[in-house]
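This report refers to the structure that appears directly beneath it.
The values are calculated or read from the model by the stated rules, or taken from the named source; none is laboratory data. Computed from a predicted structure; not experimentally measured. When we count neighbours, we look across all protein chains shown, and the Cβ atoms used for this are built from the backbone with ideal geometry, even at glycine. Only protein heavy atoms, including side chains, enter the accessible area calculation; ligands, DNA and RNA are left aside. Shrake-Rupley method; radii C 1.70, N 1.55, O 1.52, S 1.80 Å.
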Amino acid sequence: MFALKGFSESDFEILRKHLVRRTVAKNEVIVQAGQNAQWMHLVEEGSVKIVQRTAGGDEVVLGAVKAGGFFGEEALLGDQQQYLNTAVAMESTTLMSLSKDGLQKLMVEAMGVGTKLLLALTKTYREALATPEQMAKVITFYTPKGGAGNTTLAVNFACQLARQRKKVAFLDCDLQFGNAHLLVGAPPHLNLARLIQKEETLVYDRIKGFLDRRCDVDFLHAPEQPQEAEMVSRSNLNQILRALGRQYDFLVLDAAPHIDDHTLLLWDMADLLMVVSPADLAGLTRLHRLFKVLGRLNYPKNKFVVLANRFRDSQQPYLAEFNKLPVGHVHTIPDDVEVAATALFQGVPFMLQAPTSGPAQAVADLVRQVLGEDAGTTAPQQKGGIFSRLRSLIAGA
Ligand SMILES: Nc1ncnc2c1ncn2[C@@H]1O[C@H](COP(=O)(O)OP(=O)(O)OP(=O)(O)O)[C@@H](O)[C@H]1O
Ligand SMILES: [Mg+2]
C-alpha cells in the first residue's frame, strides 16, 4: 500500500488504472532538479535517493524514498512546475507513475479519488515548503454557488476582525472575476498579477508594496483581467500565503466557486472554511454535493461553518436541513437588500457604514464566536519542515 494519506484500497484500485509501470536500473536518474515536471512517481519496489547539488557542485543526499513512498508530486500541483530535486534509483526499482494527463483522466472518471490524491500531495508539498514558525489563522470563504454573497461576507468579516484590533490581510483568490476591491472602494491597480509580473521572489518585503490598506485590512486584490489569472500558479499562491501568514493574525481568503487545484489549496490551508449558501432548494442541493466531496478529504467537522446568507424567516425548513450537514456550526445572515446595495454603492462595507443593521450584527456575532474559539486554542500550530517530511517518507516505507 502506498503512503497516500486517506487512500483506501478501492481508491487505489481506481488510481491504478491511470498509472504507468516501469523499472529503472540502479543509478539511473529518474527526475532532474529544474526539469519541467510532468510525472509523479510512486515507488512500488526498490528505493530512490533524493539529492540536491550545492553551488560548489557537491551532491547532498536529502533522503531516500522506499517502496510505498512517492516523489515528484510537484508535477501535478500546478502548471509549468519544475522538479525541486533530483531523484536517482539506488537499486533496480519499479515505479508506478502518473502524468498530468493521467490526473485529468482520473478527475473525469472519479473526481473524489482525484481530489483526495491532490490533497494528499498538497499536504506533503505544503509540509516541504513550511517553516516551523507560527502561522496566521486562515479563514477561507467559499461558495458552491456564485452570487451567494461570498465576497460581501468575506470583506465584512475581515473588517470586523480589524475592528477587534486583529492584524488582518485579505486575499482575493477569485482569480478570474474577483471584485472585493469594489466593496472597499479601491482601484484594483495593485493586484496579484502585477505582483507576480514584477517580483521574482514572493517574500513579505516584496509583497507589501502590492498591498492596499482599506478599513485597517491589507488587501491583495485579484487580477484586473480574467486572462491574467493564469499568471498566478498554485505555488505562487502557496508562497504568498506562507509569507503573509507570518505577518498577520488572520488571513481572510475569498475563493472562486469552482473546484480546482487552487481551490483545494485554499480549503486545505484553511483553519476555518466558511461555506456561503442561500437557504433554498438550489443551495441545499449544492451543499449536499459539496459535502460529498469534502467528506472524502478527512477534514474535522469543526473546520466547517455554513453561512446561510440572505436569510428570511420563511426559510426555516431549509435551515433545519442545513443543521443536519456534517459541520461545526450554521450561522444565518439576514437578507437586507438596502443595506447591502448602499454599502456596495458607497464602497464602504456595511460593518462600518451600517453597524447596527441585521447583516452587520450577524457578522459581528460570527466574529465573536470565531475569536472566542480562537482563545480556547492558543497553542501555536507548528508545521514540519523538509527534513521532517523526508523522515516521514522514510518512516512511512
Ligand atoms: N445579506 C445580504 N442581503 C442582501 N443582499 C446581499 C446580502 N449579501 C450579499 N448581498 C448581495 O448579493 C450580491 C452578490 O454578492 P457577492 O458579490 O458578495 O456574492 P459572491 O458570492 O461573491 O458572487 P460572485 O460569484 O460574483 O463572486 C451583491 O449585490 C450583494 O450586495
Ligand atoms: Mg465574489
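A few comments on the model shown:
- Listed cross-link partners Lys145/Lys303; Lys100/Lys137; Lys5/Lys324; Lys116/Lys208; Lys5/Lys105; Lys5/Lys167 are compared with a 23 Å cut-off, the Cα-Cα value being larger for Lys100/Lys137; Lys5/Lys324; Lys116/Lys208; Lys5/Lys167.
- Site pair Gln239 and Ser99 shows an inter-label distance of 2.8 nm when each label is modelled 7 Å from Cα along Cα→Cβ.
- For the pair Val337 and Tyr299, label points projected 7 Å from Cα toward Cβ lie 3.2 nm apart.
- Summed residue charge, Cβ within 10 Å of Ser92's Cβ, Lys/Arg positive, Asp/Glu negative: -2
- Along the chain, the exposed loop sites are GluC sites (Glu not before Pro) outside DSSP states H, G, I, E and B with at most 16 other Cβ atoms within 10 Å, and the longest stretch free of them is 225-397.
- Gain on full extension, evaluated as 0.36 nm per residue between Gln80 and Val29 minus their Cα-Cα distance, stands at 16.3 nm.
- Accessible surface for segment 160-221, divided over its residues, is 49 Å² per residue with a 1.4 Å probe.
- Under a Gaussian network description of the chain, with springs only between Cα atoms under 10 Å, the residue in Ala343, Ala25, Ala308 that fluctuates furthest is Ala25.
- Relative contact order, percent, the chain [alpha-carbon distance under 8 Å, six or more residues apart]: 20 percent
- If R0 is taken as 51 Å, the Cβ-Cβ distance between Lys324 and Arg53 corresponds to a FRET efficiency of 0.35.
- Sparsely packed loop sites in segment 276-363 (the trypsin sites (Lys or Arg not before Pro) outside DSSP H, G, I, E and B with at most 10 other Cβ atoms within 10 Å) comprise Lys324.
- Contour excess over end-to-end distance, with Cα ends at Lys198 and Asp313 and 0.36 nm allotted per residue: 36.4 nm
- Electrostatic tally near Val29: other residues with Cβ closer than 15 Å to its Cβ, Lys and Arg +1, Asp and Glu -1, net +1.
- log10 of Debye I(q)/I(0), alpha-carbon scatterers only, for segment 213-359 at 0.09, 0.12, 0.15 Å⁻¹: -0.35, -0.64, -1.01
- Where both bridge residues fall in segment 137-376, DSSP classifies roughly 10% of the beta bridges as antiparallel.
- The chain - Rg and Dmax from Cα coordinates, angstrom: 22.2, 71
- As a fraction of the 1.4 Å probe accessible area of segment 137-376, surface on carbon and sulfur atoms comes out at 49 percent.
- Computed over segment 93-243: relative contact order in percent, which uses C-alpha pairs under 8 Å that are six or more apart: 22 percent
- Membrane-span-like helices in the chain, defined purely by DSSP H runs whose alpha carbon atoms cover 30 Å or more axially and whose average Kyte-Doolittle hydropathy reaches -1.0, do not occur.
- DSSP-defined beta bridges in segment 131-246 - what % are antiparallel, rounded to 5: 40 percent
- Potential lengthening between Glu224 and Ser8 on full extension [0.36 nm per residue; Cα-Cα distance subtracted]: 73.5 nm
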